[in-house]
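Below: one structure, written as structure tokens.
No value in this document is a laboratory result; all are computed from the given coordinates. Bear in mind that the values here come from a model prediction, so they are computed numbers and not experimental data. Because the Cβ atoms are built from the backbone with ideal geometry, glycine has one as well, and the counts that use them run over all protein chains shown.
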Amino acid sequence: MSEKVALITGITGQDGSYLAEQLLAKGYVVHGLIRRSSTFNTSRIDHLYRDPHDPEARLFLHYGDLTDGSRLVTLLERIAPAEIYHLGAQSHVRVSFDEPEFTGDVTGLGTTRLLEAIRVSEVPARFYQASSSEMFGASPPPQDESTQFYPRSPYAAAKVYAYWMVRNYREAYGLFACNGILFNHESPRRGETFVTRKISMAVAAIATGRQKDLYLGNLDAKRDWGYAPEYTDAMWRMLQADEPTDYVVATGTSYSVGDFVRMAFEHVGLDWEKHVKFDPRYLRPTEVDDLIGDASKAKELLGWQAEVLPPELVRIMVDADIEALG
Ligand code: NAP
Ligand code: F7E
């Protein structure tokens, strides 16, 4: 069993919760950065938490924010992690059009603050950056590590900036730092305003008579949707490799939002056309039309490949939301 110490930013999010689970199962001591809020925001990790006075406790949470660079330095000096998984971000593309400056600060500069904290604290940590397929934006599929970036939102532009800062710290200071360019990955823990979860929750509510209609925007956009726990495993594999580099992580399949809707309604025996309505509020000023990832490099160097593909993913999410309704 490994006795490594890891720090996860964004530990309260979808990916952070799966990664924390996986690292704890491997014997790591896990530290997580959480934001102070007036209500608890730890529901995805509550099942992992033990009182810190418990001698068995291996998960420790620390208040902090990616806009607060001095706090990041203090925390790194205290925790001295061997691996840092930087998942914290304002991660919603539509919201980034409403809050472009804040998104740049947290999603872009937040990465620089953490990289600087590593440099000044001289903690010899390996670093994972949560890069995104959104960086490819308008570049046609299939997309791999050599595809040109063409960001189509403030979120994507912030992630491109962060990507290059990671590359710069790798080349300038010899940091073991990897960009994981992850395509969309979903699960029953997905945030409720991302389209797949919005659909699976609505289908569960409609199937059980609690809701009538589902309002959506663009049904034509195509995405390469995978299963989140498999993608957090890829993050860990990147930091165990001999050399730091950048990887695309994807299933290599493509389905439209409309396909996802149809499969979700079919799973509960309903006709989607009777329930789905259009609301222009959910359109974006600029859209990413077509993403299909080529994860050959991750397969070759990390032995990673996606197992759960969209038809099964849809079933997992709808079934989980039906079960949650009791
Ligand atoms: P998520 O569920 O939205 O979680 C985001 C996390 O970041 C939450 O823990 C959130 O804390 C934290 N956070 C937000 N602003 C922060 C701040 N100012 N200071 C500290 N923490 C802050 O995202 P996810 O789906 O797990 O994705 C994880 C990462 O991968 C993100 O960087 C995302 O942009 C990137 N990514 C995601 C996908 C995907 O398909 N899921 C694909 C490619 C890349 P609260 O809980 O307090 O809000
Ligand atoms: O939208 C369309 C929307 O918000 C997917 C983030 O994790 O993955 C995610 O970004 C598609 C878009 O995810 C609605 O226009 C239609 O074409 O679920 P989404 P995203 O924008 O792909 C990437 C890889 C990330 O890095 C991000 O952090 O669905 N769509 N109707 C809708 N989208 C939403 N949210 N809501 C709708 O009603």
Practice task
For region 150-237, just the Cα atoms, rotate onto the principal axes and tell me the three extents in Å, largest first.
Solution key: 58, 28, 17
Handout entry: Lysine pairs meeting the criterion (Cα under 15 Å, 8 or more apart or interchain), as found in the chain
Key = 5
Completion exercise
Taking a crude spin-label model, label points 7 Å out from Cα along the C-beta direction, the Ser70 to Glu122 distance in nm is 2.2
Completion exercise
Farthest towards the positive end of the dipole of region 170-283, among Ile199, Trp225, Val257 and with Cβ unit charges of +1 on Lys and Arg and -1 on Asp and Glu, lies the Cα of Ile199
Completion exercise
Counting all Cα-Cα pairs in the chain, those more than 33 Å apart amount in percent to 25
Problem - Inter-label distance for Leu219 and Arg167, nm, one decimal - labels placed 7 Å from Cα along Cα-to-Cβ - result: 3.9
Exercise for the section: Rounding to the nearest 20 debye, state how big the charge dipole of the chain is about its Cα centre with +1 on each Lys and Arg Cβ and -1 on each Asp and Glu Cβ. Expected result: 500
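Under a point-charge model restricted to the Cβ atoms of Lys and Arg (+1) and Asp and Glu (-1), what is the dipole moment magnitude of region 156-303 relative to its Cα centre, in debye to the nearest 20? Don't jump to the answer; show the numbers that get you there.
Numbers: 19 positive and 21 negative charges, 113 e Å.
So the dipole magnitude of region 156-303 works out to roughly 540 debye.
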Exercise for the section: Could you state the angle between the C-alpha long axis of helix 154-173 and the longest principal axis of the C-alpha atoms of the chain, as a value from 0 to 90 degrees rounded to the nearest 10? Expected result: 30
Fill in the blank from the handout: So the FRET efficiency between Glu266 and Asp242, C-beta based with R0 = 30 Å and rounded to 0.05, is 0.10
Handout entry: Within region 107-141, backbone nitrogen closer than 11 Å to the virtual label 7 Å beyond the Cα of Arg284 toward Cβ
Key = 133-138
Exercise for the section: About the Cα centre of region 228-326, how large is the charge dipole given +1 on each Lys and Arg Cβ and -1 on each Asp and Glu Cβ? Please answer in debye to the nearest 20. Expected result: 260
Practice task
Find which of His53, Gly303, Pro244 sits farthest along the positive direction of the dipole of the chain, computed with +1 on the beta-carbon of Lys and Arg, -1 on that of Asp and Glu, about the Cα centre.
Solution key: His53
Fill in the blank from the handout: One would report the antiparallel percent of DSSP beta bridges in the chain, rounded to the nearest 5, as 5
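Using 0.36 nm times the number of residues separating His47 and Ala25, minus their current alpha carbon distance, what extension gain do you get?
Working: separation 22, 0.36 × 22 = 7.92 nm, distance 1.33 nm.
Gain on stretching His47 to Ala25: 6.6 nm.
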Exercise for the section: For helix 257-267, report the angle its Cα long axis makes with the longest principal axis of the Cα atoms of the chain; keep it between 0 and 90° and round to the nearest 10°. Expected result: 70
Problem - In degrees, nearest ten, helix 69-79 long axis to first principal axis of the chain (Cα) - result: 70
Practice task
Take the Cβ-Cβ distance between Arg78 and Glu56 as r, set R0 to 25 Å, and report the resulting FRET efficiency rounded to the nearest 0.05.
Solution key: 0.75
